[in-house]
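A short write-up of the structure that comes next.
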Amino acid sequence: MSPETLLKEPLSTFEVEEFNHYVMNTYGRFPIAIERGEGCYLWDTQGKKYLDFVAGIATCTLGHAHPAMIKAVTEQINKLHHVSNFYYVPEQGQLAKWIVDHSCGDRVFFCNSGAEANEAAIKLVRKYAHTVLEFLEKPIILTAKASFHGRTLATLTATGQPKYQQHFDPLVPGFAYVPYNDIKAVEDAITDLDEGNSRVAAIMLETLQGEGGVRPGDQEYFTRIREICDDNNILLVFDEVQVGVGRTGTLWGYEQLGVEPDIFTSAKGLAGGIPIGAMISKKFCDVFEPGNHASTFGGNPFVCATGLAVLKTIETDDLLENVQARGNQLRGLLRTILQKYPGVFNEVRGWGLINGLEIKAEHSLTSLDFLKAAMSEGLLIAPAGPKVLRFVPPLIVSESEINQAMAILETAIINCLG
Ligand SMILES: *Cc1c(COP(=O)(O)O)cnc(C)c1O
C-alpha cells in the first residue's frame, strides 16, 4: 500500500509497520490517524470522534476548518503563495505591524518554527553583546532548568533538560542554567559567571513553562528579573512560543506578569497551525543588518496572510474574553476532580487555556496512562512530562465543550483507577 492511501483507511498493523518503515522513528505515536477536523472536534480514519484538547500542541488557535482561515488561505493561494525576501512582501509588513501595534516590540523577524525563532533571538543577543554590550567576547545566556526552547543545537542547549541533550555533545557553548522562579539563583549565577571578558548577556525564560510541566512564572520573580537586567545591562528574552497569541487570556504571556521583555519569540499559535515563527525585539537591540540572518520561507505571503487572519479573528470574535471565561471554568472543574481524587492528583496550574493537572509523584500512574484512557473515551489531551496532564484546547472552545471534556476525563480517571 502506498503512503498516500495509508492514512485514508483504518490503521492495520500492516499500515503501522509500513509507516514506520519509511518514517524516522522520532515520535512515540498513538495507533490512530486523524483524517478530518471541525471546530474543536477531530475524526480518525475509523470514524471515531474526539474532542481536541491538544490543538496540534497549542497551535490550532481557531480550531479546525475555521471559516476565517479557509478564506485567508484560499484567497492567498489563488493570488500568490511564495516569492522570496529579495522583494517586499506586503502581507509580511502587515503582520509585523499588527504584532508591533499589539505588543511591547518594535521590529519583527519571521521564520518557520519556535526553535528557529529562539535561534534568531540567540543570534541577536550574541551580536548585540559583541557589538554593543561592552564588546563582550564570551556572552553567556542564562536559561531555566526544566525549560524548553526547541531542538536545534543552540535551542537544545538552551533547553535546561539533560534528557533532551543526551548523545548530542558537543553542545553549543555560552549557556548556563538556574532553577525557575528562584531569584537568589539568578543573582548568584550573574556574579559567578562574571569573569574577564565573559558575563551574562541575556536571560531567556518562558513566562510559563509549558513542556516542563505547565509552571506559571512568579510575578515577583519576573519583576525582580527585569530590575536585575536593567541594572546590569542584561537583555531579557521571553520565549512565548507556546503561551503567546492569546492562549493565557492576554495576547502575550508577559502581560500576566506585568513585565516587558527586550526580545520575545512567538510561533505555535501565530498562524493557527500553519508553520510560522517570529522573533520580536525592541528597537534599541535590533542590531541585525542585511546578511546577518535569513530564512527562505520566513514571512512568505501565504503564512503571513493566514497569521493576520488568525490575529484579527482573535480581536473581532473577542477570543481573549472567551479564553479567560473558559479557562476559569476549566480550572474550576479540574479542581473539583482534584478534590474528588486527593490520593491521585496534586495540583491544578495554569493561565487562560493552558492548564495542567499534576499527578502525585508517588502515584504509580503516569500522564500517559490517563492520556490513553481519555483517548479511548474520545478526548485528546497532551502530556507535559511524566506526571502532568496538559489541556490546551483551541481558543474558540465553548462552555459545553469544556463540560463535556471534563466529564470524559472523569470517566477516563475512573477507568484508569479501575
Ligand atoms: C514548542 C516550543 C518550542 C519549539 O517550537 P518548534 O516549533 O517545535 O520548533 C520552543 N519553545 C517553547 C516554549 C515551545 O513550547
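The values are calculated or read from the model by the stated rules, or taken from the named source; none is laboratory data. As the structure is a prediction and not an experimental result, all values here were calculated from the model. Neighbour counts are summed over all protein chains in view; Cβ atoms, including those assigned to glycine, are modelled from backbone coordinates with ideal geometry. Just so you know, the surface numbers come from the protein's heavy atoms only, side chains and all, with ligands and any DNA or RNA stripped out. Shrake-Rupley method; radii C 1.70, N 1.55, O 1.52, S 1.80 Å.
Just a few scattered comments:
- Selection of segment 40-65 for residues being away from the ligand (no atom under 16 Å from the Cβ), open to solvent by 30 Å² or more (accessible area, probe 1.4 Å), at pLDDT 95 or above and not basic (K, R) yields Y41, W43, H64, A65.
- Checking each residue in segment 253-294 for being assigned to a loop (DSSP other than H, G, I, E, B), small (G, A, S) and surrounded by 17 or more Cβ atoms within 10 Å (Cβ to Cβ) picks out G253, A267, G269, A271, G273.
- Once segment 295-322 is narrowed to residues that are of a type in the set (D, E, K, R) and on the phi < 0 side of the Ramachandran plot, the residue that is surrounded by the most Cβ atoms within 10 Å (Cβ to Cβ) is D317.
- Residue match in segment 261-269 (condition: out of contact with any helix residue (DSSP H, G or I) (no Cβ under 7 Å at 6 or more places or on another chain), under 27 Å from A201 (Cα atoms), more than 13 Å from the ligand (Cβ to nearest atom) and hydrophobic (A, V, I, L, M, F, W, C)): no
- Which listed residue is open to solvent by 40 Å² or more (accessible area, probe 1.4 Å), within 16 Å of the ligand (Cβ to nearest atom) and modelled with pLDDT of 95 or more, from K97, K71, K79, K145: K145
- Flag if P216 is closer than 30 Å to E137 by Cβ and not hydrophobic (A, V, I, L, M, F, W, C): no
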